[in-house]
Amino acid sequence: MSTLQFLADGFAVAFQWQNLLFAFVGVIIGTAVGVLPGIGPMSGVALLIPVTATLTSGLPTEAAAASSIILLAGVYYGAMYGGSTTSILLNTPGESSSVVTTLDGYQMAKQGRAGSALSIAAIGSFCAGIIALLGLVLLAKPLSSVALKFGPAEYFSLMLLGLAAVSGLAGRSITKALIMTVLGLMLGTVGIDAVSGIERFTFGQPMLFSGIEFLTIAVGLFALGEVFKTILEKSDDDGQIAKINRILPTKQDLKDSAVPIARGSFLGFFIGVLPGAGATLASFFSYITEKKFSKTPEKFGKGHIAGVAGPESANNAASGGAMIPLLTLGIPGSGTTAILMGALIMYNIQPGPLLFDEHPEVAWGLIASMFIGNLMLLVLNMPLVRIFAKVIETPKKYLLPIIIAISFFGVYAVQYTTFDLYLLLACGLLGYLFAKNDYPVAPLVLALVLGPMIENNMRRALTISNGDFSIFMTKPLSLLFLIVAVSWLLIPLFMKMRGKNVIINEEE
Amino acid sequence: MWKTLTKFAAATFLLAGLAGCTSTDSSSAGDTEKTTASNYPKNNITIVAPSGAGGGWDLTARAISKTMNDTKLIEKPIQVENKPGGGGAVFMATFATKEADNDYMLMVKSPPILINNEKAEGNSKFGYKDTTPLAQLTRDYGAIVVKNDSTYKTLDDVLNDLKTNPQDVTLAGGSAPGSMDHLVGIIPAFKSGIDLKTVKYVSYDGGGEAVAALLGGNADVIATDASTIATYVKSGDVRVLAVSSSERLEGELADVPTFKEAGIDEEFTIWRGIFGPKNMSDDAVAYWSEKLQAMVETDEWKSEVERNGWQSEYRNAEEFTKYLDEQNNTVVELLTALEMQK
């Protein structure tokens, strides 16, 4: 088949010594970018564009483009590997896509299972990377047309399904989870409304025009909240942290993770294909799905390995899926892919419907190099786990200042404003108060991501249909999502009414 | 012993990583300085892109800094800083107030400097009059685009439909109402006397998503940049009905009529230029005018422009200021028609 022939040609490009080197450098930088909060994949890739342009300046255009996109893509998916590290160890999500990993990853680390959590994240990412690549090779063309069919109505219903599933993130009380969800939705309305161009809740302050940055809120609530908790509830448990027993996951861990990794990979891949949905959503959806399908949902949030394996696979698979609209349609699904696209355009190579015909060397070389890069990442990351896992044994008095520094640095590097630093501090205090009173913060964070997307897509859909709500029911995919969302909410209630002993929530 | 060592190693790794990150990517050019009549520049120079890394403003700023330093036109290192927020409005406020006297801080901007200042919502108190325009460097144009199998063959077809049954035509663009894509999209309707408030405009997050909506059948017509749409024309996925330039474009869009040819007496240029602070000293203005004029002639600049798919269009400080006055009138006129003016 011609696809195989093209792929073989791609490997020929990827195995050129300079491209192997470029892929290697890319994934190393990517891992560092992922581990260090603040310098996210987006700024990491953007900052490296001029560097790769200089490095490849001697090569012919086509080869130069292939080499530099191989390096830059390496940074992109490398960052997805590294992103889990601080989430697991320090409760500090470095990228928005690894926020959900903190929920169980940090709990695992606290129990001395940091090694297992980190290595399962790496293994999951590897499997997801390979699955997503196979999907990319085999399904790129058909999927790109499916992605196009996804209009505002379909997005709205899909996001609504995500919101309906928010109960999956609830702690002990569903009421408190709903309160937090509404709070998140409210925060999401701040800024210039994208549909009407009207300012909302900005009080005329330019720094609020573009809304409240999701990462600031997440880092504040999770990382600083934990810091405040440790300081304010100072106990003598310093050094009481469980010793790290092992670096590799146990057989049981692997068994528990296999299905979540597979499910997370597929879910992440398909969500990644949709422009605008992205890795963050993929990881949330994966977490919620795992909890829903789990035989032991009560274990989630207390250090369940499936809660790390699923989302970490999903966000990696999503970054592979996002390559489909980028390469086949020239439509970047996220900020980072937009920058990758910019890099290709710099070499006069326009990603889009003609890329695979006009520049097969670049397209297939990139795909082949991603296979190699993923393998490099696995080999690279497993030994690093041993080193990183030791971080958790650092005494609190050293660890806390490091977390605070990383949080501040990370937020500033994304936003460049002191306003966000104040916001970060405020969220830290709030995060502590919320946690103390059993208000789960994850629903707030998810609602903050989903809220604006739900709202904008609903209003786009209604603009198109001249205000007719039936647009959500007449589109088959949209209707399907709505039905799933409704049954997600109703089936447990219904079964409870029938007297079945079903745990809706562990409400006291 | 081994444990303490690894602990230490882990901690240093994190710290070293942090330190590595904070170091900027400023290139270290020599400190030798040509002695011109004035002693500007004495310090290092910063060009600000009031957006995140990777966007058009950012790429332009980096291209200027790279060309100036590579060709040794300016030997002082030029650093590019990103100051995102509020579609450029956040940095604009700082630039017009705190940095108004700072000869060493420049800014790259495009039509939003006019639009943000004139529109009622998301208004930036400061506009181009609070800066010293130094030069226009590049240009792009808006394009009115439909899918290849669309029933619309000409711009007139679209306008006729907008007149008779506006509820059946969905116009989309990659930015919010009252911003660039929207203005480009409604210019033809405005000039044909159509009530602009009946025109359905759906805004997406960026031009890419707008193209996706068009290809997926979720929009009938989109307004976007002429430079990015060319590849879809080549692949046969879309047709461009008109471009907002004064003369026909080259390359893929050579057969596309301009607004004027399609009977719309208006043009709209998406320019990018560089601005100095409001109270820039005469020495500094003279220095930059000379250097920028020299820069646009260099092969290095030309290759940067080509690599990024831009079109070169140079206006010096005086022409640029005059041009901005004209453009501002157009923007105010359009926003007034939309009842979105401040």
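The values are calculated or read from the model by the stated rules, or taken from the named source; none is laboratory data. Only a predicted model underlies this, so the values are computations on that prediction, with no experimental measurement involved. A quick note on method: Cβ atoms are made from the backbone with ideal geometry, for glycine too, and the neighbour counts reach across all protein chains shown.
So here's what we get for this one:
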{"quantity": "Total residues in the range B:82-140, condition under 14 Å from the mean Cα position of the chain (by Cα) and assigned to a strand (DSSP E or B)", "calculated": "9"}
{"quantity": "One residue from A:Ala405, A:Ala413, A:Ala442 being buried (at least 21 other Cβ atoms within 10 Å of the Cβ), within 28 Å of A:Ile88 (Cβ to Cβ) and either within 14 Å of chain B (Cβ to nearest Cβ) or under 25 Å from the mean Cα position of the chain (by Cα) (or both)", "calculated": "A:Ala442"}
{"quantity": "Qualifying residues in the range A:205-220 (those that are within 13 Å of chain B (Cβ to nearest Cβ) and assigned to a helix (DSSP H, G or I)) - the one nearest to the chain's Cα centre (by Cα)", "calculated": "A:Leu215"}
{"quantity": "Sole exception among (1) outside any loop (DSSP other than H, G, I, E, B); (2) touching a Gly at 6+ places or on another chain (Cβ under 8 Å); (3) within 12 Å of chain A (Cβ to nearest Cβ) for B:Ala212, by number", "calculated": "(2)"}
{"quantity": "Candidates A:Ala132, A:Ala114, A:Ala147, filtered to the one that is away from chain B (no Cβ under 14 Å) and of a type in the set (A, V, I, L, M, F, W, C)", "calculated": "A:Ala132"}
{"quantity": "Selection from the range A:349-370 of residues that are closer than 22 Å to A:Ser43 by Cα and within 12 Å of another protein chain (Cβ to nearest Cβ)", "calculated": "A:Ile349, A:Gln350, A:Pro351"}
{"quantity": "Enumeration of residues in the range B:124-176 that are within 30 Å of B:Asn279 (Cβ to Cβ) and charged (D, E, K, R)", "calculated": "B:Lys125, B:Lys129, B:Asp130, B:Arg139"}
{"quantity": "Considering residues of the range B:257-313 that are among the aromatic types (Phe, Trp, Tyr) and away from every other protein chain (no Cβ under 14 Å) only, the residue farthest from B:Lys191 (Cα to Cα)", "calculated": "B:Tyr287"}
{"quantity": "Filtered residue count, the range B:308-342, keeping only those that are in a loop (DSSP other than H, G, I, E, B) and at pLDDT below 85", "calculated": "7"}
{"quantity": "Qualifying residue in the range A:388-400 (condition: more than 10 Å from chain B (Cβ to nearest Cβ) and crowded, with 20+ Cβ neighbours inside 10 Å)", "calculated": "no"}
{"quantity": "Out of A:Thr175, A:Thr202, A:Thr230, A:Thr189, sole residue that is touching a strand residue (DSSP E or B) at 6+ places or on another chain (Cβ under 9 Å) and more than 14 Å from every other protein chain (Cβ to nearest Cβ)", "calculated": "A:Thr189"}
{"quantity": "In the range A:149-160, the residues that are at pLDDT 85 or above and either part of a helix (DSSP H, G or I) or of a type in the set (S, T, N, Q) (or both)", "calculated": "A:Pro152, A:Ala153, A:Glu154, A:Tyr155, A:Phe156, A:Ser157, A:Leu158, A:Met159, A:Leu160"}
{"quantity": "Any hit, the range B:114-130, residues being of a type outside the set (Asp, Glu), in contact with a strand residue (DSSP E or B) (Cβ under 6 Å, 6 or more places away or on another chain) and closer than 17 Å to B:Ile45 by Cβ", "calculated": "no"}
{"quantity": "Given (1) touching a Ser or Thr at 6+ places or on another chain (Cβ under 9 Å); (2) more than 10 Å from every other protein chain (Cβ to nearest Cβ); (3) buried (at least 23 other Cβ atoms within 10 Å of the Cβ), index of the condition B:Ser246 fails", "calculated": "(3)"}
{"quantity": "Total residues in the range B:225-264, condition in a strand (DSSP E or B) and either modelled with pLDDT of 90 or more or over 21 Å from A:Ile331 (Cβ atoms) (or both)", "calculated": "7"}
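Per-residue answers, yes or no, for (1) part of a helix (DSSP H, G or I); (2) buried (at least 23 other Cβ atoms within 10 Å of the Cβ); (3) touching a helix residue (DSSP H, G or I) at 6+ places or on another chain (Cβ under 9 Å):
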site: A:Leu118; (1), (2), (3): yes, yes, yes
site: A:Phe126; (1), (2), (3): yes, no, yes
site: A:Ile130; (1), (2), (3): yes, no, yes
site: A:Pro142; (1), (2), (3): yes, no, no
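Table: residues versus (1) in contact (Cβ under 8 Å) with a residue 60 or more places away in the chain; (2) surrounded by 24 or more Cβ atoms within 10 Å (Cβ to Cβ); (3) more than 18 Å from A:Tyr77 (Cα to Cα); (4) away from every other protein chain (no Cβ under 14 Å).
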| site | (1), (2), (3), (4) |
| --- | --- |
| A:Phe269 | yes, yes, no, yes |
| A:Ala279 | yes, yes, no, yes |
| A:Phe293 | no, no, yes, yes |
| A:Gly301 | yes, no, yes, yes |
| A:Val308 | yes, yes, no, yes |
| A:Pro311 | yes, yes, no, yes |
| A:Asn315 | yes, yes, no, yes |
| A:Ala318 | yes, yes, no, yes |
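For (1) at pLDDT 90 or above; (2) small (Gly, Ala, Ser), each residue gets a yes or a no:
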position	(1), (2)
A:Leu90	no, no
A:Pro93	no, no
A:Ser97	no, yes
A:Gly112	no, yes
A:Ile130	yes, no
A:Leu134	yes, no
